[in-house]
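Peer 1: The following block contains the structure, expressed as C-alpha cells.
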Amino acid sequence: MTKRQYGDELGFSTRAIHVGNDVDGETGAIRRPITMANSYQLPYDPTELNWSDAGGLLYTRNGGCNQHYLQQKLASLAGGEDCVVLASGVAALSGLFFSLLQSGDHVIFSSVTYIAVYRLLHELFNNKFNIATTIVDTSDIEAIRAAIRPETKLIHIETPSNPVLGISDIRAISEIAHSNNALLSVDNTLASPFNQRPIELGADFCIESLTKYINGHGDAMGGAIIGDTKLLNQIRTQSQVNLGATISPFNACLIMRGVVTLPLRMKQHNESAMKIAEFLNEQDWVRFVAYPGLKNHRQHNIAAAQMSPGFGGVLSFGLNADHESHNRFVDKLKIITPAVSLGHDESLIVFIGENDERQHLYPNEFHNGFLRLSIGLEDTNDLIKDLQQAIGLGGRG
C-alpha cells in the first residue's frame, strides 16, 4: 500500500478518488505518473529472484506499478481482498477460466452472457480441454440445482445479463455453489461496483470489463478480477505472466483517471436510463422494454434487493416494426451513436437482428430483433427527443 492508509469505513466516492493514489516521491506531483518502462532495476544479487513472480516490480509483463495502483483502488471499491487487472474484459474472463479449470471439470453458466463467455465455455474450453459445460437460465434457482454435478467446479453468472438485462440472485446462487464445493464468479460489468458488489453478496470472484463504466470515456481497454489473494495469485501466474494478458501502463493510467468520476457518472447513467426506460415503456411504437428498474421486469424484486442505488445505464427494447425499420430508426438518430460497447460518456445503440445465433436462448420478446441502448451522460430530454424524431414524432414532448 501507499504511505496513506484508507479503510473501508470511508465512503465509495472518497475511495474512488484516494485509494491507489499518492504524492510522487520524486517530483511531488499529487497524481501517480505513468511509468512506461517495460523493466525495473534488479537488486544487487538477482539470482534468488523468481522470474515468474507477479508480486513485485520486475518486468511489466509480470505487472507494472500503474497496474498495481489500479488494483488497489478496484479491490477497495468492489469490497474484495485483492484484484488482478488484465488487458481487457475478455482477458479477465479467459484468465479466470484458464487458471481455475482442468480437464474433467464441469461449469454451469448463464444462458445469456457476453458472447466471449459463450465462445470460451460452450466451444473452446469444451472442445479443446474436455471441460463439460451446462447452459442454464440462472434466474431459475431450481434449474441451477438440477444442473449441479459432483465434478462441478464453477458457476459463472452475468447479472444484469448482456444484452437482455436478466437478473440472477447472487446470494442464493452463492449458497448453492458453496454447499456443493463449487466457486461462483459474477460478471458485474453492466452494474459496476457503484450499483452492485457481488463479493459482498457471497461471490468468490467479481469480473469487471474496465473498458465500460469504470473507465467511462471510451478510450481504454482493461479487465479486472476481484477476489481472495490466494486464488488471484494463481491467476496472476498462469494468465498474466505465462499467457501475457498484461494491461499496458498507459491504459492502466487512463482507467485510474476514469474511475475517479465513476460515482458521479453512474448517478447520471442510472437516473437517465430509468427516465428513458419509463418513457419507452409508455410508447405504442415500442414492442417491449427490458430494464431491471422497471417494476414490470421479471426479476425487478431481486434487482431491487441486490442493486443500489440504481440499475445501470443499459436497456434493451424492440420496435413494433420489421427488420429494415429497426435499421432506419437507428440511421435517423442524431445524438445517439450506432456502435458497440457501453458505459461511455456518449449514448450508444446497436441493432441485434433475429438471426443472432443465440436467439433461442433469449426470452421470446427478443426473437424478432431488438435494440440495445447504452445511455450516456447527455441531457436526458435531448436523448428522448432524439428517439422521438427517429421514429417520426418530430421530437415533440
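The values are calculated or read from the model by the stated rules, or taken from the named source; none is laboratory data. In this text, all values refer to a predicted model and were calculated from it rather than measured experimentally. Please note: Cβ atoms are built from the backbone with ideal geometry, for glycine as well, and neighbour counts cover all protein chains shown.
Peer 1: Filter the range 171-190 for residues that are crowded, with 24+ Cβ neighbours inside 10 Å and assigned to a loop (DSSP other than H, G, I, E, B) and give the result.
Peer 2: Across the range 171-190, the qualifying residues are N188, T189, L190.
Peer 1: Filter the range 114-162 down to residues that are out of contact with any helix residue (DSSP H, G or I) (no Cβ under 8 Å at 6 or more places or on another chain) and basic (K, R) and give me whichever is farthest from A304 (Cα to Cα).
Peer 2: It comes out as K128.
Peer 1: Looking for something closer than 22 Å to L262 by Cβ, surrounded by fewer than 22 Cβ atoms within 10 Å (Cβ to Cβ) and free of Cβ contacts under 8 Å to residues at least 24 places away in the same chain - is there at least one such residue anywhere in the range 317-330?
Peer 2: Among the residues of the range 317-330, not one is closer than 22 Å to L262 by Cβ, surrounded by fewer than 22 Cβ atoms within 10 Å (Cβ to Cβ) and free of Cβ contacts under 8 Å to residues at least 24 places away in the same chain, which makes the answer no.
Peer 1: So which residues in the range 32-54 are of a type outside the set (A, V, I, L, M) and surrounded by 13 or more Cβ atoms within 10 Å (Cβ to Cβ)?
Peer 2: R32, P33, T35, Y40, S52, D53
Peer 1: Please state which one of L232, L262, L254 is touching a strand residue (DSSP E or B) at 6+ places or on another chain (Cβ under 8 Å) and not basic (K, R).
Peer 2: The conditions single out L232.
Peer 1: In addition: Here is a check on your reading of the model: is S316 more than 30 Å from I255 (Cα to Cα) and outside any loop (DSSP other than H, G, I, E, B)?
Peer 2: No; evaluated as a whole, the condition is false for this residue.
Peer 1: Condition check: hydrophobic (A, V, I, L, M, F, W, C), surrounded by fewer than 24 Cβ atoms within 10 Å (Cβ to Cβ), in contact with a Phe, Trp or Tyr (Cβ under 6 Å, 6 or more places away or on another chain) and without any contact (Cβ under 8 Å) to a residue 40 or more places away in the chain. Does I131 satisfy that?
Peer 2: Against the criterion (hydrophobic (A, V, I, L, M, F, W, C), surrounded by fewer than 24 Cβ atoms within 10 Å (Cβ to Cβ), in contact with a Phe, Trp or Tyr (Cβ under 6 Å, 6 or more places away or on another chain) and without any contact (Cβ under 8 Å) to a residue 40 or more places away in the chain), I131 qualifies.
Peer 1: Give all pairs with beta carbons closer than 6 Å in which a residue from the range 336-364 that is closer than 25 Å to G222 by Cβ and among the β-branched types (V, I, T) meets a residue that is surrounded by fewer than 14 Cβ atoms within 10 Å (Cβ to Cβ) and at pLDDT 95 or above; count only pairs at least 6 apart in sequence or on separate chains.
Peer 2: Listed pairs, sorted by first residue: I349/P338; V350/V340.
Condition check ((1) of a type in the set (A, V, I, L, M); (2) in the same structural domain as H217 (by TED's automatic domain parsing); (3) closer than 22 Å to F194 by Cα; (4) touching a helix residue (DSSP H, G or I) at 6+ places or on another chain (Cβ under 9 Å)) across all residues:
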{"site": "L294", "(1), (2), (3), (4)": "yes, no, yes, yes"}
{"site": "Q299", "(1), (2), (3), (4)": "no, no, yes, no"}
{"site": "I302", "(1), (2), (3), (4)": "yes, no, yes, yes"}
{"site": "G318", "(1), (2), (3), (4)": "no, no, no, yes"}
{"site": "D322", "(1), (2), (3), (4)": "no, no, no, no"}
{"site": "P338", "(1), (2), (3), (4)": "no, no, no, yes"}
